[in-house]
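Each remark here refers to the structure printed beneath this line.
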Amino acid sequence: AEYMGGIFHISSMARTKRNSSSAILLQEDLLQQSAYSHSETYRSSILVVIPLFMGYGALFSLQSRVRERFDEDHMSMSKDTFENLFQAAAACLYFGNFCLRLGHNILFAHFSPRWRVFASQCAMLVSITILLVLVSLTKPHTLSPKYLSVIFIAYFFGGISIGSFEANILNVLVPLGPSTKLWAISGMPVGIVSMTVGMYLVLEADHDNLIPVYATVFGLLIFSMIIFRVCIPIPDTTRQSLTIARFVQDLKEWRQWFPAIPFHILAMAFNMFCVACAIPLASYLYTDKDKKKVNMKPFGEIDRDYFMVIFDFCFSFADLLSRKVLYPDSKWPLPKVHPCLFLVFSGSGFALVMSHMSSLAPLGGFLIAFANGALYAQTSFHIDRNIDRVYNLTALSVWLFLGDLGSVIGTLIIKPLTS
């Protein structure tokens, strides 16, 4: 069957391991989705994505300021123990993200992908609400360490949100065509840079006042849920992996979809290793012992926050740029290249970040992020074009899950690298 002008090609509806009723369900899905012509681009999809990634950016970029809320001078544990516990709490962001890359097919087994997106937004709301209440009721160096459990919960809910959101938002936008999806994936770096760069401008006036940051994210998350419900016309009857049995069946039939993505997984895993290392390494390697200044040879010293603004801007700009120019359906697409070729960008960028030359570190971040955006854009389009629609959500989930193995390894070795 051919769907939407040949963009999605169903190679063999009657599979040996699928019964006839499953094939009928698939045909019904395609007929219903075909009513949504991708000739119209829903640019509002970017407004669904930006707030959630603002929340993600707030979670990982404000960790040090959240830690400052705790009273480290009057506690029953040593400072080293407290530091290790706080790092474990913050790591729940990445742990939850990693688990839900595939786990959303189990945790939200009876939800359609559309409602899984809503569930992801609600999880981020819970995370941001906890932190908003925390910073509203406390001042720096006043919070008892017994409230560390709250940090575990907040960051874990944030991880659940981002881990479930990506695969499902990519899946539900398929019927609206690649142009709509391009706008959506462009919102990911925009959301992060608005936090990693924009928050420094907000906190410049009042270093300790985190309320405006979390309150803004909270309000925009509510707004994004309304936009997704009202402005994005996605059919509610999408039947992608709605049960655990269906998900397991897709995994058993891995020969039907996995051979199309092994190189994309390999490239993504290495690149995510570099991404996970880049920003923490830039923060640690190029600061003096007081962690206030960065020596930008030969230009002299600049404030640490300004250095991170420069680094984060280069990182996010490159990510956005590569998504725009390397997404095959964009206005000015560059030629499609083999995913492993982008490892040259990732490897070169990682070497520059590790070079101890602070003036070259932003260029290193640029190269890593350019590879990240390019791989994300081309792989998501590749899965839509070359893998049967019935396996789309499972293929996206496995690609993101195995790709994130690289970020898990990168997170674990940051401390040895910095030492």
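The values are calculated or read from the model by the stated rules, or taken from the named source; none is laboratory data. Computed from a predicted structure; not experimentally measured. Every residue, glycine among them, receives a Cβ derived from its backbone with ideal geometry; neighbour counts consider all protein chains shown. Calculation scope for accessible area: heavy atoms of the full protein, side chains included, ligands and nucleic acids excluded. Shrake-Rupley method; radii C 1.70, N 1.55, O 1.52, S 1.80 Å.
Quick one: which residues, 5+ away or cross-chain, put their amide H under 5 Å from the amide H of GLU68? H built at 1.01 Å from N.
none
Please report, in debye to the nearest 20, how large the charge dipole of the range 287-419 is about its Cα centre when each Lys and Arg carries +1 at its beta carbon and each Asp and Glu carries -1 there.
120
Would you mind checking the range 42-69 for residues with the amide N under 19 Å from a putative spin-label position 7 Å along Cα→C-beta of TYR147?
Only 59-60, 62-69 fall inside the zone, counting backbone N under 19 Å.
On the accessible surface of the range 296-419, probed at 1.4 Å, how many percent belong to carbon and sulfur atoms?
With neighbouring chains kept in place, the figure for the range 296-419 is 72 percent.
P(r) tail for the range 277-419, what percent of Cα pairs lie past 28 Å?
Percentage above 28 Å: 27.
Considering amide H positions built from the backbone, and no H for Pro or chain starts, which residues 5 or more places from LYS293, or on another chain, come under 5 Å of its amide H?
So LYS293 has HN proximity to ASP288, ARG304.
In whole angstrom, how far apart do the alpha carbon centroids of the range 147-204 and the range 256-325 sit?
Result: 17 Å between the Cα centres.
Per residue, how many Å² of accessible area does the range 142-263 show with a 1.4 Å probe?
Per residue, the range 142-263 has 38 Å² of solvent-accessible surface.
At 0.36 nm per residue, minus the direct Cα-Cα distance, what do ILE226 and LEU251 gain on full extension? Give it in nm, one decimal, please.
Gain on extension, ILE226 to LEU251, equals 5.6 nm.
Nearest 20 debye, what's the magnitude of the dipole of the range 47-154 about its Cα centre given +1 on Lys and Arg Cβ and -1 on Asp and Glu Cβ?
Taking the Cα centre of the range 47-154 as origin, the dipole is about 420 debye.
In Å and whole numbers, how far do the C-alpha atoms of the range 63-172 stretch along each principal axis, longest first?
49, 25, 19
Tell me which chymotrypsin sites (Phe, Trp or Tyr not before Pro) from the range 251-327 have a DSSP coil assignment and no more than 10 other beta carbons within 10 Å of their own.
Of the chymotrypsin sites (Phe, Trp or Tyr not before Pro), the ones in loops of the range 251-327 whose Cβ has at most 10 other Cβ atoms within 10 Å are PHE299.
May I ask you to order 121-134, 215-228 by the average number of other C-beta atoms within 10 Å around their residues, highest value first?
Listed from highest to lowest mean packing, they are 121-134, 215-228.
If you build the Cα gyration tensor of the range 147-266 and take the root of 5 times each eigenvalue, what three semi-axes come out, in whole angstrom, biggest first?
Ellipsoid semi-axes (Å, largest first): 34, 19, 16.
For the range 309-386, what's the relative contact order in percent, using C-alpha pairs closer than 8 Å and at least 6 residues apart?
42
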